[in-house]
Amino acid sequence: MTYRVLLVEDHKIMREGIRALLDRSGEFTVVGDAETASEAVQLCHETRPDVVLMDIGLPGLNGVDTTTELLRHSPALKVIMLSMYDDEESVVNSIRAGARGYVVKRASSGDLLDALRAVARGGSYLSPHVSEQLLARIRRGDVEPADRHPLLSQLTPREFQVLGMIVEGKASKEIAVLLNLGVETVRSYRKTMMKKLGVNNVAGLIRVAMVAGLAGKIPEAAPSS
């Protein structure tokens with residue numbers, strides 16, 4: 001199976017390079033390329049891509065606002081933001097706009113292909129450096145309190161505690177030891193959270209936690225549920 005990709009990038013040399021990479025991969029078909037937001041909206045309607053690779057620094061309407069506009073018309077569309085910047089504000093704004101991935105332009109071709117594969121299959125992807133920065137931010141609590149976000153309000157105290165440990169990078173076995181639970185119990189919590197939050201992998205859980213502003217102050221103890 002090949003996935004249909006729309007390129008939105010105002011630099012021709014970048015578009016040509018990405019197109020060549022995707023053509024060689026045999027996994028993706030470039031169905032169009034756009035230089036501006038208006039072209040992106042029109043081509044998205046005409047070509048109906050599986051994934052849009054979106055430059056954050058478009059002239060006029062930027063990539064974040066263009067993503068919002070595209071998803072307003074096509075909510076199921078999958079968008080990956082491509083950016084020169086790895087600052088937290090750009091990443092958070094992109095994810096809040098609905099992007100499922102964020103790749104910095106200095107990333108390798110392998111990283112870009114990994115991002116496209118993950119997002120095309122329904123997952124999420126953040127460049128490793130970006131992911132590390134965001135996890136550090138979440139642990140510091142430099143984001144909005146989690147209780148302001150309706151998605152996380154669905155979680156029980158124990159699920160919230162497990163999610164916090166997942167965000168910190170702890171594996172199921174380590175979480176089980178720390179919380180005095182069975183490994184299968186931890187995995188069950190993880191599956192339940194994925195169902196509640198509408199994601200299908202750990203990257204998706206982390207993405208929701210980041211968008212929601214999950215602070216690093218996780219309760220030391222929580223009632224079981």
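Of V92, V64, V52, all but one fail to be of a type in the set (A, V, I, L, M), out of contact with any His (no Cβ under 7 Å at 6 or more places or on another chain) and modelled with pLDDT of 95 or more; the exception is V52. Looking only at residues of region 84-101 that are within 18 Å of E69 (Cβ to Cβ) and among the aliphatic types (A, V, I, L, M), we find that the one that is surrounded by the most Cβ atoms within 10 Å (Cβ to Cβ) is A99. Figure legend. Inter-residue proximity from region 94-118: first residues at positive phi, second residues surrounded by 20 or more Cβ atoms within 10 Å (Cβ to Cβ) and modelled with pLDDT of 90 or more, beta-carbon distance below 6 Å, spacing 6+ or different chains. Indicated pairs: G98/T67.
Residue by residue, here is whether (1) of a type in the set (K, R); (2) buried (at least 16 other Cβ atoms within 10 Å of the Cβ); (3) at pLDDT 70 or above holds:
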residue	(1), (2), (3)
G123	no, yes, yes
A136	no, no, no
D142	no, no, no
R148	yes, no, no
S153	no, no, no
P157	no, no, yes
V162	no, yes, yes
M165	no, yes, yes
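Where residues in region 4-31 are surrounded by 19 or more Cβ atoms within 10 Å (Cβ to Cβ) and touching a helix residue (DSSP H, G or I) at 6+ places or on another chain (Cβ under 7 Å), which of them is nearest to H45 (Cα to Cα)? So, considering only residues that are surrounded by 19 or more Cβ atoms within 10 Å (Cβ to Cβ) and touching a helix residue (DSSP H, G or I) at 6+ places or on another chain (Cβ under 7 Å), the one nearest to H45 (Cα to Cα) is L6.
Of all residues in region 177-205, those that are in contact (Cβ under 8 Å) with a residue 24 or more places away in the chain have Cβ atoms under 6 Å from Cβ atoms of residues that are of a type outside the set (A, V, I, L, M) and surrounded by fewer than 18 Cβ atoms within 10 Å (Cβ to Cβ), 6 or more apart or on another chain, in K196/Q154; N200/G122.
The values are calculated or read from the model by the stated rules, or taken from the named source; none is laboratory data. Computed from a predicted model, the values in this text were never measured in an experiment. All Cβ positions, glycine included, derive from the backbone under ideal geometry; neighbour counts span all protein chains shown.
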